[in-house]
Amino acid sequence: MQETVKKLTPEPEYKIIGTRPQRPDGVDKVTGRARFGADHNLPGQLTGLVLRSPHPHANIRSIDVSAAMALPGVKAIVTRDDFKDQGSEFVPAGEMLINYRDVVRNVMARERALYEGHAVAAVAALSPSIAKAALKLIKVDYEILPHVLDVDEAMAPGAPILHPGMITAGMDPAPKRESNVAKRVEFALGDVAKGFAAADVIVERHFETKSVHQGYIEPHACLATVAEDGQADIWVSTQGHWIVRAHCARLLGMDISKIRVTATEIGGGFGGKTVVYLEPLALALSRKAGKPVKMTMSRDEVFRATGPTSGAKMRIKIGATKDGRIVACDGELKYLAGAFQGSPVAPGCMCAFAPYDVDHVKIVGYDVVSNRPKVAAYRAPGGPISGYAVESVIDELASKLKLDPIAFRLKNAARQGTKAAYGPKFGPVGLVESLQAAQSHDHWKAPLKVNQGRGIAAGFWFNIGGETTVSIALNEDGTLVLMAGTPDIGGLRASLCMMAAEELGIGMDAIRVTIADTQSLGYNFLTGGSRSTFSSGMGVVEASRSIVKQVCERAAKLWELPTDAIEYVDGSVRPAGANAGKHPPMTLKQVAAMAGKTGGPIVGSSSINAHGAAPSFGVHLCDVEVDPETGRTTIIRYTVIQDAGRAIHPAYVEGQYQGGAVQGIGWALNEEYVYGTDGKLQNAGFLDYRIPVASDLPMIDTVIVEVPNPAHPYGVRGIGETPIVPPMGAIANAITHATGLRFQSLPMSPPKVLAAIDAARAVGDVNFKLKVA
Amino acid sequence: MAKHHVSFTINGDPTEILCETHATLLDVLRDELELTGTKEGCSTGDCGACSVTVDGRLVCSCLMLGVEANGKAIGTVEGLAKGDKLHVLQEKFLEHHALQCGICTPGFLVASKALLEKNPDPTETEVRYWLAGNLCRCTGYDKIVRAVMDAATVMRGA
Amino acid sequence: MRYEAPETLEAATALLAAEMGIARVLAGGTDLLVQMKTDMVDPALVVDLKRIGEMRTITKAVDGFHIGAAVSGAELKEQVELKQHWPGLVEAANLIGSTQIQGRATLGGNLCNASPAADSIPALIAANATVSIFGPKGRRQLAVEDVVLAPRKTALDKGEFVVSFHIPLRAKGMGDAYLRFIPRTEMDIAVVGAGIGLKTDPSGVITAARIGLGAVASRPLHVKAAGDALVGSKLDKAAVDKMVDAVRAACKPIDDKRGTIEFRIKVAGVIAARAAAIAYDRART
Amino acid sequence: MAQVTLIGNLRQFTGGETVLSVDAKNVRQLFAKLGALHPALAPHLEQGLAVAIDGQIYQDALFQEIGPDADVHILPQIAGG
């Protein structure tokens, strides 16, 4: 099955945009030359290791490091005493708003250990074995407290309180009692009571999802060195090195200018590398020891101590008329935030009903803390959770109304001018086009065999822009150096290089792209929110156009013509209009060679806060086969259809679609954090945290729909987040159509599915339709 | 702590090192020899990022002691390209855009090379099962499988 | 930690017997190194057995196959004759972990790691395998089902280790199979495993059957009653149902991150029935 | 005058009012006027908000122009993974 691109608007004549060239960093990555977080070393470096709480909830009465410090080869130990406390203040840095009071406590426990794996101390020593031995010599006096893991338990009256004095925000009037509910959010449109009154059919269901991890293959790693004068360098695998700099400066009380952060190649992030864990510890240890400190997490630490996304409990209620108009949507979402507030419940609420044009919507969300690691962003944070629930209910409504699920969605699909369920009106968006592409796809019409079922679901993500700096320098031989500041996590260098080459009318080979460190370029917000191709791309276009303008000016000077009498075509300048042909064209190379004599170096730069990000809608089709005797689900066929605005490099767009879909397949079928009653994580490794492997999957077909974003010079929308929103709904719906049973809890793992099958058999459920061969 | 004198070849080159007993082959490659192309994703044999060949057999270098490498021929990703010529698999991974972040790529390449040496004409299913011990979280495996199948075709023709 | 790589059985035993601290044998290392990495064990001595010739070879004799305990899964798979005789056993051994794990993991290690979920043990039980054990008192034989006593506990005494496995030759009318249930298609530990060895007469009537189960009790089980249930039948539904009941009756599983008690009991029967069908087919061809 | 809709929790700082008409040429003026109108709202306008002007969402864009009859929504800022 080959991938296709659906061009829905007349295509401008591009030479490079839309082609599939090799990525500039490709050779480094297939030869082992590319250096990731753990691949950086400095002479004399120490190994840093973290002591982590074995208890999910405990007061830390005291920490005695004297014996550990006395061990030969131990050079520094840091604990809570080495980090100044931070006041409660919400700052937009990294993903969503963060509160430095919580950040300082998450990187190093203060009053309490709030989850198993919470950092309590860190050691720097001459070797990993000495550091490990030192950890065992640190004496921590814990007073064990009762813990709480589940959202309902955490919200129950009398639950153990994680943060004494925490009063739920967003309630009017404010509650008098402390609780584990950090925040209540509500989004409303119209009058849901009125909406439901007009409904002929109403479906209301409860859903549950489990915490799942981003599962990047590269564990967190960094190398830090702080000189005696306070100048610091840190190499780190991160989605945003300016964010690392900001957090570290704040937590360590250092000037921002003192810290240079170099983003190493990054081995996957998916949102999980937008926050700091090791970085402040490594800097603090290095500062204390006077030597470079390298820290890498084990896989076990990655699972226990870094951001999964929320598990949730939800109630979704949707009403529709007989003829298939959705008239009202109502929902309640309770998201687990982990040990500190900040679950993605607000975007979860805003995304939930976004694909549909509905007049009456109400959705309430709760951000609930519990004794689990603090959640971090994970691809379309919040969206996949509520999306799964909503798409399940939509499917059930379509069945009840005896409507084709695509026709039902088309009838209610958000389109240009639709007032989004979260308020504003949509500009041009591609949901209708994506649904139509699904309808006409041969996948939708292909026959199914016994015990197989087909599901469909739609999904949405906002996408963002944000602060961005890009610089392009014209070298003296006519080649160019392009510096961007958003880490390249999946082919960004290629798309930036393509946009620059397209603008400058030259080959990509002439441009070398670098992800600059924080000392070499102005501020950049992180790679996340599907912003890097959009925002850095905007910057690249602006910087390229500045180069073109300067080149024209230099030629104008040389030819003694007005600048507007010069045109730049295909990498050359030439006199235009009345002056056409007066001088032979000059290539970029020729202008570059003269740059020194015509005014100095030619550099184009762009410093912007990129606005105009546009949402991307996707539609997934999925066929499954369910084993009636074991409850095991096999994905038989999968198709992702999504609006990309415009695919700069279609292969990497397809890659995002495929990768997001497969992460969603894992989420739907097998991935979950499993805790014991002791509050400890039982599956902190890839053996029992079961991400999909190659043999679990078919090829993932893709259709790139292109409804250009008018706010971007090349029509780009962000595309990375949306592909993880529809899979859980699509798979749940497919399993429903295979079995005749509805599953309202993720993951739909074999024991759960088999239990439902057995229950259906026991009661003679008329809907049940699996057959044993 | 006594160190062991261990000698072996890496990508054909004779190599001698002093190795601590508990050091894994992965530790030796990355920390002693600074061959950081071989990646560490889990250290428990579950992700395949540290795949190397030992006397032609595909193994996880995290699950083998450095001392066990004595007298063996080790193959790593750094040995795939010959001079300035990439291996067909490397070319095909680039051509098919079979990587996003690239951390799993060295392991996939080493594993795929071992596959094609054993089975020059694998089916898609054989490729998927052979590579099941190599985790990729970015690509959904689609383009990786295509790249390996295409490389197999080219290598058979060569 | 000391590392030794002796070249004789006697030398290996002497090292293991003399060690006062924790001693571990190293064959493929795919379990041992993980346990060391995760601080489950911190041995004072590791004895690498891979330089002992008998442990690294597969021989076919008149009494059957002798498989060195330190032969890797990948090597096992390349033994065409063994595969012809005991395809189920080879398949089971090849289900242990990934291709990479196969490059190292051994039958001896899979047995002596003493996991109730080990894939090869039910298949070895089905194949009526015995193990040859070497120790300070010399050599002794043990039926494979008697080696594992409980999770992480074997019948081996201090200084003892498994040298080789003996598996009888497959007679005409015999067949074996091993199936397991895992949530994914690869890379998981068996939630349930079932190995079946059958002997049939020329008319297709089963004259003997051995059924081994994994991951349904604190150790791999030989369920005699389940095998007996098939004897005298041509694998008809009634006999299979009886066998499945016996399998389920023998299961004493736990609830854990890999599966529930109910699920394991149920699926043990399903997997055993499916494996029996394959084994029967193989016995008849 | 621009029609301004407050999305989400902001209504608790305006006594429940969610739709307001405000005469503002840009986002900064809008925030200033809203803050003056509802002092309890003022501190919440400083961080963490996005402004949608005729459907287009802006984050941190104080000088973004607001047309005379613009349809404005104030909503929580969006990030991503």
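Values quoted throughout were computed directly from the atomic coordinates according to the rules given, and no laboratory measurement underlies them. What you are looking at is a predicted structure, and each value in this text was computed from that prediction instead of being measured. Using ideal geometry, Cβ is built from the backbone for each residue, glycine included, and neighbour counts are taken over all protein chains shown.
Which three extents, in angstrom, do the Cα atoms of the range A:142-192 have along their principal axes, listed largest first?
For the range A:142-192, the Cα spread along each principal axis is 51, 21, 16 Å.
Which value in nm describes the separation of the simple spin-label points at A:K425 and C:D236, placed 7 Å from the Cα toward the beta carbon?
7.7 nm
Let me have the relative contact order for the range C:111-165, percent, based on Cα pairs under 8 Å that are six or more residues apart.
About 43 percent, as a whole number.
Of the cross-linked pairs A:K362/A:K411; C:K199/C:K234; A:K29/A:K291; A:K322/A:K400, which ones have a Cα-Cα span greater than 19 Å in the structure shown?
Violating the 19 Å Cα-Cα cut-off are A:K362/A:K411; A:K29/A:K291.
What is chain A's relative contact order, in percent, from Cα pairs under 8 angstrom and six or more apart in sequence? Mind dumping the intermediate values first?
Numbers: 2024 pairs, mean separation 119.8, N = 773.
RCO, chain A: 16 percent.
Per residue of B:64-71, how many C-beta atoms from partner chains lie within 10 Å of its own C-beta, taken as a mean?
Other-chain Cβ atoms within 10 Å of each residue's Cβ, averaged: 4.
Could you tell me which of the pairs B:K118/C:K60; A:K313/C:K153; A:K183/A:K294; A:K294/B:K82; A:K317/A:K402 are separated by over 30 angstrom between their Cα atoms in the structure shown?
A:K313/C:K153; A:K183/A:K294; A:K294/B:K82, as the Cα separations exceed 30 Å there.
What's the FRET efficiency of A:E13 with A:E111 using the Cβ-Cβ distance as r and R₀ = 41 Å, to the nearest 0.05?
0.05
If chain D were replaced by its equivalent ellipsoid, with semi-axes equal to the square roots of 5 times the Cα gyration tensor eigenvalues, what would those be, largest first, whole Å?
Semi-axis lengths for chain D are 16, 16, 12 Å.
How crowded by other chains is D:5-11, given as the mean number of beta carbons from other chains within 10 Å of each beta carbon?
Taking all residues of D:5-11 together, the mean is 6.
Quickly rank C:145-157, C:16-28 as a protection proxy: mean count of other C-beta atoms within 10 Å, highest first.
The packing order, highest mean first, is C:16-28, C:145-157.
When the expected Rg is taken as 2.2 N^0.38 Å, what fraction or multiple of it is the alpha-carbon Rg of the range C:174-284?
The value comes to 1.02.
Once you treat every alpha carbon in the range A:335-374 as an equal point and sum by Debye, what is log10 I(q)/I(0) at q = 0.17, 0.18 Å⁻¹?
The calculated log intensity ratios at q = 0.17, 0.18 Å⁻¹ are -0.50, -0.53.
About the Cα centre of chain A, what is the dipole size in debye to 20, counting +1 per Lys and Arg Cβ and -1 per Asp and Glu Cβ, all else neutral?
With Lys and Arg at +1 and Asp and Glu at -1, about 380 debye.
Using all alpha carbons of the protein assembly as shown, what is the percent of pairwise distances in each 20 Å bin, ordered from the shortest bin to the longest?
Here the calculated profile for the protein assembly as shown is 11, 38, 37, 13, 2, 0.
Just how many % of Cα pairs in the range A:377-510 lie over 18 Å apart, if you round to the nearest whole percent?
More than 18 Å apart: 71 percent of the Cα pairs in the range A:377-510.
Among DSSP bridges having both ends in chain B, what percentage is antiparallel? Round to the nearest 5.
90 percent
Positive end of the dipole of the range A:686-773, charges at C-beta (+1 Lys, Arg; -1 Asp, Glu), about the Cα centre: which of A:T702, A:P727, A:L754 has its Cα farthest in that direction?
A:L754
Based on the mean of other Cβ atoms within 10 Å per residue, sort peptides C:87-96, A:647-656, D:47-56 so the most packed one is first.
A:647-656, C:87-96, D:47-56
Please pull out the direction-averaged projected area of chain C, using the convex hull of its alpha-carbon atoms, in nm² to one decimal place. Provide the component values of the computation, followed by the final result.
Numbers: hull surface 56.4 nm².
For chain C, averaging the hull's shadow over all directions gives 14.1 nm².
Can you compute the helix-only [θ] at 222 nm over chain A? Use -39500 (n - 2.57) per DSSP H run of at least 4 residues, normalise by all residues, nearest 500 deg cm²/dmol.
-8000 deg cm²/dmol
Over 28 Å, how big is the tail of the calculated P(r) for the range A:466-610, in percent of all Cα pairs?
Considering the range A:466-610, 21 percent of its Cα-Cα pairs are separated by more than 28 Å.
How big is Rg to Rh over the range A:207-253, alpha-carbon atoms, Rh as the Kirkwood inverse-mean-distance radius?
Rg/Rh: 1.17.
Using the charge dipole of chain D (Lys, Arg: +1 at Cβ; Asp, Glu: -1 at Cβ; taken about the Cα centre), state which of D:L10, D:V27, D:P43 has its Cα farthest towards the positive end.
Of the listed residues, the answer is D:P43.
Hydropathy at least 0.0 by Kyte-Doolittle, axial extent at least 30 angstrom from the Cα trace: which helices of chain A, defined as entire DSSP H runs, fit?
Details: long enough: A:537-559 (33 Å, 0.19).
Length and hydropathy pass: A:537-559.
With angles folded into 0 to 90 degrees, how steeply does helix B:142-157 sit against the dominant principal axis of chain B? Use alpha carbons for both and round to 10.
90 degrees
Based on a Kirkwood Rh over C-alpha pairs, give the Stokes-Einstein translational diffusion coefficient of the range C:2-167 at 10 °C and viscosity 1.306 mPa s in µm²/s.
Translational D for this selection: 101 µm²/s.
With all pairs of different alpha carbon atoms counted, what Kirkwood hydrodynamic radius in Å does chain B show?
Its Kirkwood hydrodynamic radius stands at 15.9 Å.
After finding the eigenvalues of the alpha carbon gyration tensor for the range A:439-510, what semi-axes result from the square roots of 5 times each, listed largest first in whole Å?
Ellipsoid semi-axes (Å, largest first): 44, 17, 10.
Per residue, how big is the convex hull around the C-alpha atoms of the range B:3-79? Give it to me in cubic angstrom, could you?
On the way: hull volume 5.5 nm³, N = 77.
Dividing the Cα hull volume of the range B:3-79 by its residues yields 71 Å³.
Treating the Cα atoms of the range A:591-731 as identical point scatterers in vacuum, please give the log10 of the normalised Debye intensity I(q)/I(0) at q = 0.09 Å⁻¹, two decimals.
Scattering profile of the range A:591-731, log10 relative to I(0): -0.45.
May I ask for the Kirkwood hydrodynamic radius of the range C:32-120, worked out over all distinct Cα pairs and given in angstroms to one decimal?
After inverting the mean inverse Cα-Cα distance, the result is 14.0 Å.
Could you compute the net charge surrounding C:E160? Neighbours are other residues with a C-beta less than 11 Å from the C-beta of C:E160; K and R count +1, D and E count -1.
Details: positive: C:K137, C:R139, C:R140, C:K158; negative: C:D157.
With Lys, Arg at +1 and Asp, Glu at -1, the net is +3.
Considering just Cα atoms, how many Å³ per residue does the convex hull of the range B:88-157 enclose?
Taking the convex hull of the Cα positions in the range B:88-157, it is 70 Å³ per residue.
If you take every DSSP beta bridge fully contained in chain A, what fraction is antiparallel? Give it as a percent rounded to 5.
Bridges in chain A that DSSP calls antiparallel: roughly 75 percent.
For chain A, divide the Cα radius of gyration by the Kirkwood radius and give the resulting Rg/Rh value with two decimals. Could the numbers behind the result be given before it?
On the way: Rg = 27.5 Å, Rh = 27.6 Å.
Checking Rg against Rh, the ratio lands at 1.00.
For D:S21, what charge total do you get from the other residues with a beta carbon under 13 Å from its beta carbon, if Lys and Arg give +1 and Asp and Glu give -1?
-3
Given +1 on the Cβ of Lys and Arg, -1 on the Cβ of Asp and Glu, and no further charges, what dipole in debye does the range D:2-76 carry about its Cα centre, rounded to the nearest 20?
200 debye
Using a cut-off of 21 Å between alpha-carbon atoms, which lysines can reach C:K266, once sequence neighbours fewer than 8 places away in the same chain are excluded?
A:K752, A:K769, A:K771, C:K224, C:K237, C:K242, C:K252, C:K257
Taking each residue of A:420-433 in turn, how many C-beta atoms of other protein chains fall within 10 Å of its C-beta, and what is the average?
4
With the calculation restricted to Cα positions, what are the radius of gyration and Dmax of the range A:186-326 in angstrom?
23.4, 74
Once R0 is set to 41 Å, what does the formula 1/(1 + (r/R0)^6) return for the Cβ-Cβ distance between C:Q84 and C:K137, expressed as a FRET efficiency to the nearest 0.05? The partial results should precede the final answer.
Details: r = 37 Å, r/R0 = 0.89.
Working from the Cβ atoms, E equals 0.65.
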